[in-house]
Structure formats: structure tokens, C-alpha cells
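Worksheet: one structure, shown below.
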2 protein chains.
Amino acid sequence: METLRERKKQRTREALLRTALELFTTQGYEGTTVDDIADAVDVSQRTFFRYFAGKEEAALALQEMTVAHFLQAVRERPPHEAPMEALRQAVLEGWDALNDVIEAVVPVELYLRMYQVVESTPVLLAAHLRRSVEAEEAIARILAEREGVDMDTDPRPRLAVAVFGGVMRLTERQWSSGEDFSLDAMRALTVSHLEQVGPALSESWRTR
Amino acid sequence: METLRERKKQRTREALLRTALELFTTQGYEGTTVDDIADAVDVSQRTFFRYFAGKEEAALALQEMTVAHFLQAVRERPPHEAPMEALRQAVLEGWDALNDVIEAVVPVELYLRMYQVVESTPVLLAAHLRRSVEAEEAIARILAEREGVDMDTDPRPRLAVAVFGGVMRLTERQWSSGEDFSLDAMRALTVSHLEQVGPALSESWRTR
DNA sequence: TGTCAATTGTCAGAGGCTGTCATTAGCCTC
DNA sequence: GAGGCTAATGACAGCCTCTGACAATTGACA
């Protein structure tokens, strides 16, 4: 944050992002136009598009941070951990540290509300899912390197990540639609779901 | 297909769909405007939107058929099969019968080419993923009923489907980017991936 | 054949997004 | 600290997706 110019840019971006999220969570994503956001921040519509590739990018900026944060967490896992255990620990610790990461930009409460907007807005959910898939590719690469296997010939890295990703997305959805909408609840749901993957894949459920 | 009116409608819809897919696969999805499609079929742009909710819906019409077909296949699985086995059999048989289902509307070759367009066009991929997630919810419901469990208290139906869906989406992607782009190759990939889910989730991969 | 209803075309307009060009404002050197 | 340089912004103009409204057309049916 050296020059005045950069500080101004930073402030404009943050104002746009904060305002956008505020409007999205109050009037809904579709109910908010880019003009609404630009007007509220008192910049031209054109300027908005110079900071964000589109409305969607502003709406998913926090999710983007979450993903980056999670990727880093996976990279920092001790090498002796088994792949799935490394992923598991990365998410759990991730949820802990995320609070500070988010709070540095916007109130966490806004993040949580925005999560529900994403989950309940078809176009946003679609974009979110696509980004998740892209993240999975990156994670698979990290795992492959950790374990010293070749992703092009060994499908296990991508498979493990696909399974893990499937479970995590289910967890996200359950969380955002449940009543206890806190990071602690997310932790608990994550643990519970990962514990039950085995049973869910077992022979039959009726013998229980 | 009783009245002349209905026949005309059917023909218009098919012409729009076929033309749309043809253009998408030759000029790309983004490179094709709705006007291009409407003009080629000699219909007003407004009419296109009376048949398809949007450009996207036309592009994913075949995938929609595939999903519906797969859902039906799952429903028809014998009740004694374990959940994952029922899903597995449904996909495998699904790929067999799909040929006829598609060919009734457009050449299968167009379907295959369109698959690659979907996979390589961000907005289409995003929409496709969202639809897949919606389909997963429906499948979970079918499984829960088969097994006589309550989806609201037992996470296993959704978990099993999430895992299965994750694997299938990975399979789709590998398939569409591989060189052997046939339904047989898809079958083989499906079998192979499902076989390796277990190993991928096991402790460590280095002991191999 | 004439009435009714469904299908379509035309027009107007909102909203997302991009290219272009002039204007403004911070930065840096002499 | 004046002037030149460059980055940031604003102001248009325009394309594309999608929707509502109304008129014109065309098949259905008595």
C-alpha cells in the first residue's frame, strides 16, 4: 500500500465489494443491478467492470478467498499424513482460521449471509460449482506431488479429491440450509459427514 | 403427434435444437448468437425464447435427456441390489441404451461433439454442474425410498450420491478430454474409476 | 365458413458487458 | 513547482440476452 494511487484503488475495490455484498444479501442477487452498486459507491458502471470481470465475480469474491486459503492449508499439511487425512485436517483447520481472513475484508456475518445467497441463486450456485471443480484440479495436483504419483497415469489423486469434493459440497449445502449457521456447526457437519462416508458406501443400509 | 399444429411445433423445436447444436459445435457457444439460430431456422428471435428458456437450455437439452434417462434407470433397478451397485448398474446400462434415445432426436455424433463444447465452455460447464447437483438430490430421494431410510435424519443417501456423482463427473471430464471418444470408452472409464475409489480412499498410496 | 384459440412477429426496453476516446489526477523529473 | 507521463475514470455508443405487450397470422372446430 505504497502510493496514494494504490490506496485509492484499494479503497474503491473494497467499497464496491462491500456494497455489492450488502445489496446482494438485502435485495437479492438478481434484484441488484450493477448500476445500483456503482451508484451507491458513486462511480461509473464502467469502473465497476474495471474492478470485477462481472457481477458474478464480485458475488463470489469471498468464496474465492476461501478456496485460496484452503489450497494453502493443504499445501502446508505434514507429508506423513495420508491423502484423505490431509484434506480432512486442512478443512477443519481452515474453518478455524477463516474467521480472521474474512474479517480483514468484511464482517464474517456478511460472509455467512452471502453463502445463503449463493446457495439459493441458480446462476451463482452454478458459477460456484464450476470454481469448486477448478479448485479440485489444483488440489489433486498437490496430492499427487505429495504422494509422488503421476496424475496422468494414476487416477487416484483426482478420484480422492472428487469424492472429498462431493462430500464437502454436500456439507456446504446442508450447512447453509440448516438452522445453526455458524462456523462451529460447519466443523461438526464436516466431521460427521466424513465419518459416514464409509458406511454410506457399504453394502446395504437396511441391516442397521 | 395428433394435430397439424402440434406437428409444426415439434418440427420447429427440433429445427431450433438441431441448428443450435450444429452452430454451437462449429462456431462455439459464445460465438453463436440467438439471432444466428433464429435466422437459420427462419424464425423470429422471440420464437426461439418461446421454445427455450435461454441459449443455455438449448445447449444442455441433450444432457437433460441423459439425466432423465439415468433417473429412470435407477428407479428400475431390482430392490435387492445394494445402493452403490444399483447406481453403478444404472449408469452402465444407461450408456448402452442412451444411443437409441439420443439418435431419436439428433445424430449421436452431434451429442458427443456437444459434450466437448459443454466441458470447454465455462458458463455451460457451470450450468451443467448445477443441473447435476439437482439430479443428485432426486437420486438420493430414490435411494432413500429403496432402502427405507429417512433422508432428513440419515445423511447416507445424499452422501452416497455425492460420492458417486463426484466420481461420475470426473469420469465425464476425463472422457471428453481423452482421445477415445466413444460410448464404449465411457463404459470402460466408468468401471475403472468405480473400481479404484476404494484404493484412492485408502491410507497411503506410496505403499503400492 | 366463421368463430375461437394458439402461434408467431414486431416493437420497445431492461440489464450485463465491452471498446473507444476524452478527461482527470497522481507521479516523477528537471 | 511546472510540465510531461501514465494510470484511473467517466461518458458514450453498441452488442447480446432476455422479457413484456400487442397485433397479425394460422390452425381447429362447430
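The table below gives the values:
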| item | result |
| --- | --- |
| Cβ-Cβ under 6 Å pairs, at least 6 apart or on other chains, the stretch B:3-21 side more than 17 Å from B:Pro107 (Cα to Cα), far side open to solvent by 60 Å² or more (accessible area, probe 1.4 Å) | B:Arg7/B:Met1 |
| Selected residue [within 21 Å of B:Glu76 (Cβ to Cβ), open to solvent by 20 Å² or more (accessible area, probe 1.4 Å) and without any contact (Cβ under 8 Å) to a residue 60 or more places away in the chain] from B:Gly148, B:Gly165 | B:Gly148 |
| All positions within the stretch B:70-80 that are more than 20 Å from B:Ser176 (Cα to Cα) and modelled with pLDDT of 95 or more | B:Leu71, B:Gln72, B:Ala73, B:Val74, B:Arg75, B:Glu76, B:Arg77, B:Pro78 |
| The stretch B:1-27 - residue that is part of a loop (DSSP other than H, G, I, E, B) and within 10 Å of DNA strand D (Cβ to nearest atom) and, of those, least open to solvent (accessible area, probe 1.4 Å) | B:Thr3 |
| Single match in A:Leu112, A:Leu71 (criterion: in the same structural domain as A:Phe181 (by TED's automatic domain parsing), more than 16 Å from DNA strand D (Cβ to nearest atom), closer than 30 Å to B:Glu172 by Cα and out of contact with any strand residue (DSSP E or B) (no Cβ under 8 Å at 6 or more places or on another chain)) | A:Leu71 |
| Selection status of B:Ala59, more than 15 Å from DNA strand C (Cβ to nearest atom) and within 14 Å of chain A (Cβ to nearest Cβ) | yes |
| Flag if A:Glu57 is under 15 Å from the mean Cα position of the chain (by Cα) and either open to solvent by 40 Å² or more (accessible area, probe 1.4 Å) or at pLDDT 95 or above (or both) | yes |
| Residues being assigned to a helix (DSSP H, G or I), within 14 Å of chain B (Cβ to nearest Cβ) and either within 13 Å of DNA strand D (Cβ to nearest atom) or free of Cβ contacts under 8 Å to residues at least 60 places away in the same chain (or both) - total across the stretch A:28-56 | 1 |
| Output for the stretch B:170-208, where each listed residue is among the charged types (D, E, K, R) and facing chain A (nearest Cβ under 7 Å) | B:Glu203, B:Arg206 |
| Some residue of the stretch B:4-16 being outside the structural domain of B:Arg187 (by TED's automatic domain parsing), of a type outside the set (A, V, I, L, M), in contact with an Asp or Glu (Cβ under 6 Å, 6 or more places away or on another chain) and within 12 Å of DNA strand C (Cβ to nearest atom) | no |
| Which numbered condition A:Ala162 fails, given (1) more than 9 Å from chain B (Cβ to nearest Cβ); (2) of a type in the set (A, V, I, L, M, F, W, C); (3) closer than 16 Å to B:Gly165 by Cα | (1) |
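The values are calculated or read from the model by the stated rules, or taken from the named source; none is laboratory data. All of these numbers come straight from a predicted model, not from anything done at the bench. Here Cβ is always computed from backbone atoms with ideal geometry, including for glycine, and neighbour counts include all displayed protein chains. Side chains are part of the model used for accessible areas, which takes the heavy atoms of the whole protein and leaves out ligands, DNA and RNA. Shrake-Rupley method; radii C 1.70, N 1.55, O 1.52, S 1.80 Å.
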